[in-house]
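Derivation of every value follows stated rules applied to the coordinates shown; laboratory data play no part. Only a predicted model underlies this, so the values are computations on that prediction, with no experimental measurement involved. Every residue, glycine among them, receives a Cβ derived from its backbone with ideal geometry; neighbour counts consider all protein chains shown.
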Amino acid sequence: MRLLMIGRLNGELVTASKIAMQRGAAVTQADAVPQGLTVLRARGADLIMIDVGLDIRALVGALEAERIRTPVIACGVAADARAAVAAIQAGAKEYIPLPPDPELIAAVLEAVTSDSRAFVWRDPAMERVVRLADQVARSEASVLITGESGTGKEVLARHVHQKSHRAQKPFVSVNCAAIPEALLESELFGHEKGAFTGAVARRIGRFEEANGGTLLLDEISEMDVRLQSKLLRALQERVIDRVGGTAPVKVDIRVLATSNRNLAEEVRKGTFREDLFYRLNVVHLRLPALRERPADILELAAHFAKKYAAVNGLAPRALSAEARTLVTRNPWRGNVRELENTLHRAVLLASGPEIGAEAILTPEGDAIGPADGPATRAAQAAQAADAARGLVGRTVAEVERDLILDTLDHCLGNRTHAAKILGISIRTLRNKLNEYVEAGLEVAEPGGVRALAAYG
Ligand SMILES: Nc1ncnc2c1ncn2[C@@H]1O[C@H](COP(=O)(O)OP(=O)(O)OP(=O)(O)O)[C@@H](O)[C@H]1O
Ligand SMILES: [Mg+2]
């Protein structure tokens, strides 16, 4: 966890940075925003803490312009409410009052470092995968991790990193689907000053940030073929070329990749390079869907019940017998992520000494479950017929838009999950969502639903 402190380190900021160091953060300090940006371009950081008296708006603006996605947290004297509000309005994610409370700093670090994320399993089907992961973790082999959306591919990748010789070095993850095609190359390999409009200074890419450690290329199937060749060269020759650069840069990284598409199939279709596929697929870890590992369901449910009670400051409660039966029977098409969201809601909704079945609900507040009784089937058929009648008279574009926005709500704003359900690529989904935003429509943010969808 790399923390960048921007501000003069006197008094209370020193204390804050000491607390962060005790909690395992590597702290770099810069006196002012321009120096802070230099550090970010040269080395990167996982979190920025900035003195509330500095120009936070300028910092956030520069980060946006240069697409540096490091979260910003402002710190200042507790009594200064006006400064806190201004900091949040300027784009800070949080405000930490000084003098710093060690618990608060720890919680903030915890929230941004996912290193502390638990990895829970019990089922024999999972045991096999974890055993294989542990065996190969200490090697330098590339590992391809596949599995349905929400099965824990990123969690498993972090586990491999933690068990490797590189555990003390950075773990950097890049979501290839989330970054526009034109920008992915500079995100991965960095760029020199003036390489393209907007390249105001040299900036290192994720490969160099991960140097000595592990790079996770998430959703690698979304990378275009041209960039795949450059990636192949980086893996084979252990050097990269910054965009606009003239001299290759040596890098020492281990690459893990995930995909929720069948890469062998993509190779057959010609959208994924065969040589790259064999490079990455030295070891293949296939995560079973949650429904294929029933013993994990209760283990994870108990884990999430405890976790979200703690997060929300509530006393821990166990699941009632009916609630346990309900969760073990549910198909969990959204896998661990869906189970996690459901348990989070349940912790908030349950009243009484246990988490009862009545608290295990869908995001819309309906009972979960396979809903396959004859009565519900008939009701569903009638509903489908109604829905189809309601469609006549509307354009395909309108229906598509509603389908996409409703599905996104259903997935609590999770793009990957929604794209999977819709059967379209994440890039297509993002393009559509951008269109809707430009047209002034509301689109669910990750972790949420549209305000109108929730209340009306
Ligand atoms: N074995 C596990 N133990 C604890 N938490 C888990 C486990 N597996 C998944 N999770 C949690 O479930 C959520 C989804 O996991 P993760 O992001 O790793 O899935 P994914 O397979 O990468 O999904 P996607 O295909 O959508 O990217 C995360 O919040 C993660 O912390
Ligand atoms: Mg993932």
Would you mind checking which residues have amide H under 5 Å from ASP252's amide H? H placed 1.01 Å from N; only 5 or more apart, or other chain. GLY212
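For GLU400 and ILE424 in the same chain, what is the full-extension length gain: residue separation times 0.36 nm, less their Cα-Cα distance, in nm?
Full-extension gain reported as 7.5 nm.
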extent check for the chain: Cα max minus min per principal axis, descending, whole Å, gives 67, 59, 52
Descending Cα extents along the principal axes, the range 291-359, whole Å: 32, 22, 16
Considering the dipole of the chain built from charges on the beta carbon (Lys and Arg +1, Asp and Glu -1) around the Cα centre, which of VAL249, GLY198, ASN10 is farthest to its positive end? VAL249
If amide H atoms are built 1.01 Å from N in the plane of the peptide, which residues on other chains or at least 5 residues away come under 5 Å of the amide H of HIS284? LEU144
Compute the separation of the alpha-carbon centres of the range 216-273 and the range 153-178 and state it in Å as a whole number. 16 Å
Dipole of the range 20-83, Cα-centred, from +1 at each Lys and Arg C-beta and -1 at each Asp and Glu C-beta, to the nearest 20 debye? 200 debye
Rounded to the nearest 20 debye, what is the charge dipole size of the chain about its Cα centre when +1 sits on each Lys and Arg Cβ and -1 on each Asp and Glu Cβ? 1160 debye
Stretchable slack from ALA321 to GLU445, in nm (0.36 nm times residue separation minus alpha-carbon distance): 41.2 nm
Points 7 angstrom from Cα along the Cβ direction at THR271 and ALA78: gap in nanometres? 5.5 nm
If I model a spin label at GLU364 and ASP134 as a point 7 Å from the Cα along the Cα→Cβ vector, what separation in nanometres do I get? 4.3 nm
Hz values of 3J(HN,Hα) by residue in the range 42-51 - Karplus curve (6.51, -1.76, 1.60), Gly and Pro given as x: 7, 10, x, 7, 9, 7, 10, 10, 10, 4
Per-residue ³J(HN,Hα) for the range 136-153, Karplus 6.51 cos²θ - 1.76 cosθ + 1.60, θ = phi - 60°, Hz, x for Gly and Pro: 8, 4, 7, 8, 9, 4, 5, 10, 9, 10, 10, x, 4, 4, x, 7, x, 5
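Report the charge-dipole magnitude of the range 124-288 in Debye, nearest 20, computed about the Cα centre from +1 at each Lys and Arg Cβ and -1 at each Asp and Glu Cβ.
Values: 25 positive and 22 negative charges, 88 e Å.
The calculation lands at about 420 debye.
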